[in-house]
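First comes the structure, then the notes that go with it.
The values are calculated or read from the model by the stated rules, or taken from the named source; none is laboratory data. In this text, all values refer to a predicted model and were calculated from it rather than measured experimentally. Ideal geometry is used to build each Cβ from the backbone, glycine not excepted, and the neighbour counts take in all protein chains shown.
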Amino acid sequence: MSNQPFQAPDSQELATITEYLLTGGTLAEANQMSEGALEAIYTSGYNQYQNGHFEEAARKFQYLCFYDHWNARNFLCLGSCQMMLKSYGQAIRTFEYTARMDITNPLAKVYMADCYMALRERGMAEIIYKSALKDAEKYQFSHLELTRVKNLLQTFEDKQGGQS
């Protein structure tokens, strides 16, 4: 171990690091972490999520988001943990970011809308659900969650029709 105190990078080193990260590099690559190691962490987090250990799972997914920040799946999982922990505001922000990262996968919008429903903001949820369905059609994305959303939107329409 060196006797030298930690030295912050100078502006040139920071510029190099920033350029590396902005052009597709990740901290996982910079630290020579294998895809297998990242996948093992993901699997561990996923198993914790499946077993209802949302805080532990969230910590794993936060780690993955930090080290592999270009992988939208990590952010989708982190947002799901936040949603299960009822941190709806955080989850909405995470899902917004995820939706921008991967516009072909409407699940982030579905879960974001679920958060708005939990916050009793049905109007906003309805707009986002409809946007998710439009994206699913555009990108030919299929998932069981989309059937749930279609059924939910139908109940909204049925209730509105009954109120007229």
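Look at Asp68 and say whether it is under 30 Å from Gly24 (Cβ atoms) and in contact (Cβ under 8 Å) with a residue 40 or more places away in the chain.
In short, yes.
Run down Phe66, Phe95, Phe61, Phe54 and say which single residue is modelled with pLDDT under 95, hydrophobic (A, V, I, L, M, F, W, C) and either over 23 Å from Thr155 (Cα atoms) or surrounded by 15 or more Cβ atoms within 10 Å (Cβ to Cβ) (or both).
None of the other options fit; the residue is Phe66.
If we scan the range 55-75, do we find a residue that is within 29 Å of Glu121 (Cβ to Cβ), in contact with a Phe, Trp or Tyr (Cβ under 9 Å, 6 or more places away or on another chain) and of a type in the set (Lys, Arg)?
yes
Looking at this structure, is Glu137 farther than 18 Å from Ser80 by Cβ, modelled with pLDDT of 95 or more, of a type in the set (D, E, K, R) and surrounded by fewer than 22 Cβ atoms within 10 Å (Cβ to Cβ)?
Against the criterion (farther than 18 Å from Ser80 by Cβ, modelled with pLDDT of 95 or more, of a type in the set (D, E, K, R) and surrounded by fewer than 22 Cβ atoms within 10 Å (Cβ to Cβ)), Glu137 qualifies.
Search the range 9-35 for residues being exposed (fewer than 12 other Cβ atoms within 10 Å of the Cβ) and among the small types (Gly, Ala, Ser), and hand back the single one that is farthest from Tyr67 (Cα to Cα).
Ser11
Residue under question is Ala136, and the condition is that it be part of a helix (DSSP H, G or I) and under 15 Å from the mean Cα position of the chain (by Cα); does it hold?
no
Filter the range 140-149 for residues that are surrounded by fewer than 13 Cβ atoms within 10 Å (Cβ to Cβ) and over 19 Å from the mean Cα position of the chain (by Cα) and give the result.
Residues satisfying the conditions are Gln140, Thr147.
Does the range 106-133 hold any residues that are surrounded by 23 or more Cβ atoms within 10 Å (Cβ to Cβ), within 15 Å of Ala91 (Cα to Cα) and among the hydroxyl-bearing types (Ser, Thr, Tyr), and which are they?
Across the range 106-133, the qualifying residue is only Tyr111.
I'd like to check which helices (runs of 4 or more DSSP H) are fully inside the range 24-127 and have at least 2 residues that are of a type outside the set (S, T, N, Q) and under 11 Å from the mean Cα position of the chain (by Cα).
54-67, 72-84, 88-101, 107-118
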